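Report on the following structure.
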Amino acid sequence: MNTQLKKGVLDLCILSKIKRNDSYGYDIYQSINKKINISESTIYPTLRKFVKGGYCETYLKESQNGPARKYFKITEEGIKRVKELESEWEEFKITIEEILKGGEHNE
């Protein structure tokens, strides 16, 4: 998949994953990477951006397989942001489908 296309939807994918379940960075990476091939290093700057922006909060949770993990939990602001991104995504999909089919999109 094209790198630029992936970058355009990565925020939505990450926030949607966290919205469904509190998750730690590597778990988020693995989940998304199963569907769209991404680099693990792209996840962590985005997660830091979400925490700084108030979309996520973090907490530590003990792990059975090593040190405690930093989990990300979505905030009310994060839920609002997911809804905005989902709306933008739907609008974008409709527009692109119409272009590909040769139609015109009326706003």
Quick check on region 4-19: of everything there that is surrounded by 16 or more Cβ atoms within 10 Å (Cβ to Cβ), farther than 16 Å from Tyr71 by Cα and not β-branched (Val, Ile, Thr), which residue is farthest from the chain's Cα centre (by Cα)? Lys6
Flagged in region 48-107 as among the polar types (S, T, N, Q) and over 16 Å from Asn21 (Cα atoms), in numbering order, are Ser63, Gln64, Asn65, Ser87, Thr95, Asn106
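Name the helices (runs of 4 or more DSSP H) wholly inside region 1-100 in which the number of residues that are of a type in the set (Lys, Arg) is 1 or more.
Working: elements: 3-20, 25-33, 43-52.
Passing ranges, in order: 3-20, 43-52.
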Does Pro45 qualify as being open to solvent by 90 Å² or more (accessible area, probe 1.4 Å) and free of Cβ contacts under 8 Å to residues at least 24 places away in the same chain? no
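Here's the yes/no breakdown for (1) in contact with an Asp or Glu (Cβ under 6 Å, 6 or more places away or on another chain); (2) at pLDDT 95 or above:
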residue: Lys6; (1), (2): no, no
residue: Asn21; (1), (2): no, yes
residue: Ile28; (1), (2): no, yes
residue: Ile36; (1), (2): no, no
residue: Arg48; (1), (2): no, yes
residue: Lys73; (1), (2): yes, yes
residue: Arg81; (1), (2): no, yes
residue: Glu97; (1), (2): no, no
Does Val51 satisfy the condition of being surrounded by 12 or more Cβ atoms within 10 Å (Cβ to Cβ), out of contact with any helix residue (DSSP H, G or I) (no Cβ under 8 Å at 6 or more places or on another chain) and hydrophobic (A, V, I, L, M, F, W, C)? yes
May I ask you to list pairs of residues, at least six apart or on different chains, whose Cβ atoms are under 6 Å apart, with the first in region 59-80 being of a type in the set (Lys, Arg) and the second being outside any strand (DSSP E or B) and surrounded by 10 or more Cβ atoms within 10 Å (Cβ to Cβ)? Lys73/Asp22
Subset of region 1-41, residues farther than 23 Å from Lys83 by Cβ and of a type in the set (S, T, N, Q), comes to Asn2, Thr3, Gln4, Gln30, Asn33, Asn37, Ser39, Ser41
What number of residues in region 20-42 are open to solvent by less than 90 Å² (accessible area, probe 1.4 Å) and among the basic types (Lys, Arg)? 0
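The values are calculated or read from the model by the stated rules, or taken from the named source; none is laboratory data. Only a predicted model underlies this, so the values are computations on that prediction, with no experimental measurement involved. No Cβ is skipped: glycine too gets one built from the backbone with ideal geometry, and neighbour counts run over all protein chains shown. Ligands, DNA and RNA are excluded from the accessible area calculation, which covers all protein heavy atoms including side chains. Shrake-Rupley method; radii C 1.70, N 1.55, O 1.52, S 1.80 Å.
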